[in-house]
Amino acid sequence: MKKVMIADDSRPMVNMLRYLLESGGYSVTSAQDGDEALMKLRGSRYDALVTDLAMPKMNGIELIRNIRLKDKYLPIVVLSAMETIDTAVEAMREGADDFVRKSTEDLGKTLRFVLERTMERKKEERRLDIYESILPICMHCKKIHHKPDDGNETWVTIEEYFDYKRSGIDFSHGICPECLKKYYS
């Protein structure tokens, strides 16, 4: 069962969202404001966050900002009665993944659809980040598989690779203890 955190200061709204999400198979935890939500999110793992923007203590934008400092993968859906484009754009810039109006006709169905789509997209992002962090190295010549932006894939030396990446890394020569023994004893 997927765990969803709802951050909203309106008890009737939380109760309605809880009903809509639990009837869709989600496990739901709620928080009255951004501070409480952040504390609960740090104490347990959740599959998604649904947050209002207008809350006391810490509003939804601040909550999103705080979450994104530590977790870029948690799906965040903003649910708000504030229906201005500027508000939605600001929330998305801070790291929200989607924006749903509280006044949406079929709120439960819409919210469940958005949550599923957002969770799947975040799962794929995580997979891609893991894949992209793997550096393919030839087991024989130790060249690195390089895919520049121009699409011309090639195999390059480690020095060439890091030069492409403009890493600012300088290389020096050294010898490990095993090679010292093998080649110089």
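A few points about this structure:
- Lone unmet requirement of (1) touching a Lys or Arg at 6+ places or on another chain (Cβ under 8 Å); (2) modelled with pLDDT under 80 for residue 119: (2)
- Residues in the range 108-122 that are in contact (Cβ under 8 Å) with a residue 12 or more places away in the chain and surrounded by fewer than 17 Cβ atoms within 10 Å (Cβ to Cβ): 108, 117, 121.
- Restricted to the range 79-105, and to residues there that are touching a Lys or Arg at 6+ places or on another chain (Cβ under 7 Å) and surrounded by fewer than 19 Cβ atoms within 10 Å (Cβ to Cβ), the residue that is modelled with the lowest pLDDT is 83.
- Among the candidates 96, 91, the residue that is in a loop (DSSP other than H, G, I, E, B), of a type outside the set (D, E, K, R), touching a residue at least 24 places away in the same chain (Cβ under 8 Å) and touching a Ser or Thr at 6+ places or on another chain (Cβ under 9 Å) is uniquely 96.
- Among all residues of the range 49-70, there is at least one that is among the aliphatic types (A, V, I, L, M), exposed (fewer than 15 other Cβ atoms within 10 Å of the Cβ) and either under 18 Å from residue 126 (Cα atoms) or not assigned by TED's automatic domain parsing to the domain that holds residue 113 (or both).
- So residue 74, is it under 16 Å from residue 118 (Cβ atoms), touching an Asp or Glu at 6+ places or on another chain (Cβ under 9 Å), assigned to a loop (DSSP other than H, G, I, E, B) and of a type in the set (A, V, I, L, M): yes
- Filtered residues of the range 2-13 (kept if closer than 17 Å to residue 41 by Cα and either among the hydrophobic types (A, V, I, L, M, F, W, C) or surrounded by fewer than 19 Cβ atoms within 10 Å (Cβ to Cβ) (or both)): 2, 3, 4, 5, 6, 7, 9
- In the range 28-48, the residues that are surrounded by 13 or more Cβ atoms within 10 Å (Cβ to Cβ) and closer than 18 Å to residue 118 by Cβ: 28, 29, 37, 41, 46, 47, 48
- Qualifying residue in the range 11-31 (condition: touching a residue at least 12 places away in the same chain (Cβ under 8 Å), closer than 21 Å to residue 95 by Cα and part of a helix (DSSP H, G or I)): no
- Residue 74 in the same structural domain as residue 9 (by TED's automatic domain parsing), buried (at least 21 other Cβ atoms within 10 Å of the Cβ) and more than 19 Å from residue 9 (Cα to Cα): yes
The values are calculated or read from the model by the stated rules, or taken from the named source; none is laboratory data. Computed from a prediction, not measured in an experiment: that's the story for all the values here. Heads up, the Cβs are rebuilt from the backbone with ideal geometry, glycines too, and the neighbour counts pull from every protein chain shown.
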